[in-house]
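Asker: One structure, pasted below without further comment.
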């Protein structure tokens, strides 16, 4: 990709999984659908060209045979009746002969010559050389009189309703792509919500392990991770509660001993340090009570024991 187009491509590239999946699926389906549409249209044009060439050759052969039957002075009156929507007869040798005829038109002129028979010739001519935008066919009747067919190609190659049908189909494809991607990304959104709530509540309800295999395995792994984290946190809270509870006894003994110190200044300093230690112990016990989330019964026993006064 060119360096100048890379920043534009990155700006157009969605930053969400939903947008990326939707863009990839929709682009692939649109390309496949448009390609199939073009192939069908080309095949239809080829079939119509083949059938139209056969019909035109047969119709022109009948018209030439009829002009051969008419007297020269009667022929001009019948030209409008013999003309068709896409070609018109002219009793003259207008136009310039085509020097090199493409292969597709060679097959058409060969089919026309076969329909006319050996007594007639047929060659492509151009009415506006050198642009060569208006073409026709020059022939000669049995008496040598020239007849030129001015060809008017159809302006509409495909039906006007086909682009509207294609647009409607693309809208239907876009809707089903949106539904499919929405259904595919819903489990991921559920996992995201569960992961965001994991830090604040380790006792939350486990995720349902259903849906596609990949999502079910991810949910099972997340549930197992939640259990392991809860067990580890419970173990640490258990240790904290046990240490905090066990520290109350030596702190109490140290307070009693500090009361018998003769130095009042040292006694006050030591009692202040013990008070700070007692505050830390109470904070540890309070934290253990608030974070009582462990699955084991021993955890509850330690926390309850820590609530008892020493």
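The values are calculated or read from the model by the stated rules, or taken from the named source; none is laboratory data. Keep in mind it's a predicted model, so treat the numbers as computed, not measured. No Cβ is skipped: glycine too gets one built from the backbone with ideal geometry, and neighbour counts run over all protein chains shown.
Asker: For the structure I just gave you, tell me whether residue 35 is at pLDDT 75 or above, more than 21 Å from the chain's Cα centre (by Cα), within 18 Å of residue 173 (Cβ to Cβ) and loosely packed, with under 12 Cβ neighbours inside 10 Å.
Answerer: So residue 35 does not fit the description; no.
Asker: Turning to a different aspect of this structure: Need pairs with beta-carbon distance below 7 Å; first residue under 14 Å from residue 122 (Cα atoms) and within the stretch 41-60, second outside any helix (DSSP H, G or I); sequence gap 6+ or separate chains.
Answerer: These pairs meet every condition: 60/149.
Asker: So which pairs qualify, if the first residue must be in the stretch 1-25 and surrounded by 13 or more Cβ atoms within 10 Å (Cβ to Cβ), the second must be in a loop (DSSP other than H, G, I, E, B) and modelled with pLDDT of 60 or more, the Cβ gap must be under 8 Å, and the two must be at least 6 apart or on different chains?
Answerer: Sorted first by the residue in the stretch 1-25, then by its partner, the pairs are 20/13; 20/14; 22/14; 23/13; 23/14.
Asker: Could you tell me which of the residues 241, 258, 266, 224 is assigned to a helix (DSSP H, G or I) and at pLDDT 80 or above?
Answerer: Exactly one residue qualifies, and that residue is 224.
Asker: Something else now. Would you pick out the residues in the stretch 69-85 that are exposed (fewer than 13 other Cβ atoms within 10 Å of the Cβ) and either outside any helix (DSSP H, G or I) or free of Cβ contacts under 8 Å to residues at least 12 places away in the same chain (or both)?
Answerer: Answer for the stretch 69-85, where residues must be exposed (fewer than 13 other Cβ atoms within 10 Å of the Cβ) and either outside any helix (DSSP H, G or I) or free of Cβ contacts under 8 Å to residues at least 12 places away in the same chain (or both): 69, 71, 72, 73, 74, 77, 80, 81, 85.
Asker: Kindly indicate which of 166, 112 is assigned to a helix (DSSP H, G or I), in contact (Cβ under 8 Å) with a residue 40 or more places away in the chain and in contact with a strand residue (DSSP E or B) (Cβ under 6 Å, 6 or more places away or on another chain).
Answerer: From the options 166, 112, the qualifying one is 112.
Asker: If you take the residues in the stretch 86-109 that are part of a loop (DSSP other than H, G, I, E, B) and in contact with a helix residue (DSSP H, G or I) (Cβ under 7 Å, 6 or more places away or on another chain), which one is nearest to residue 140 (Cα to Cα)?
Answerer: Step by step, filter the stretch 86-109, then rank; the result is 91.
Asker: Then there is this: Suppose the filter is at pLDDT 85 or above and part of a helix (DSSP H, G or I); does residue 22 pass it?
Answerer: no
Asker: Next question. Just wondering, is there one or more residues in the stretch 225-234 that are surrounded by 16 or more Cβ atoms within 10 Å (Cβ to Cβ) and within 36 Å of the chain's Cα centre (by Cα)?
Answerer: Within the stretch 225-234, one or more residues are surrounded by 16 or more Cβ atoms within 10 Å (Cβ to Cβ) and within 36 Å of the chain's Cα centre (by Cα).
Asker: Going by what's in this entry, would residue 192 be described as exposed (fewer than 12 other Cβ atoms within 10 Å of the Cβ), at pLDDT below 85 and under 23 Å from residue 20 (Cα atoms)?
Answerer: Yes; evaluated as a whole, the condition is true for this residue.
Asker: Across the stretch 202-217, which residue is modelled with the highest pLDDT among those that are in a helix (DSSP H, G or I) and out of contact with any helix residue (DSSP H, G or I) (no Cβ under 6 Å at 6 or more places or on another chain)?
Answerer: 217
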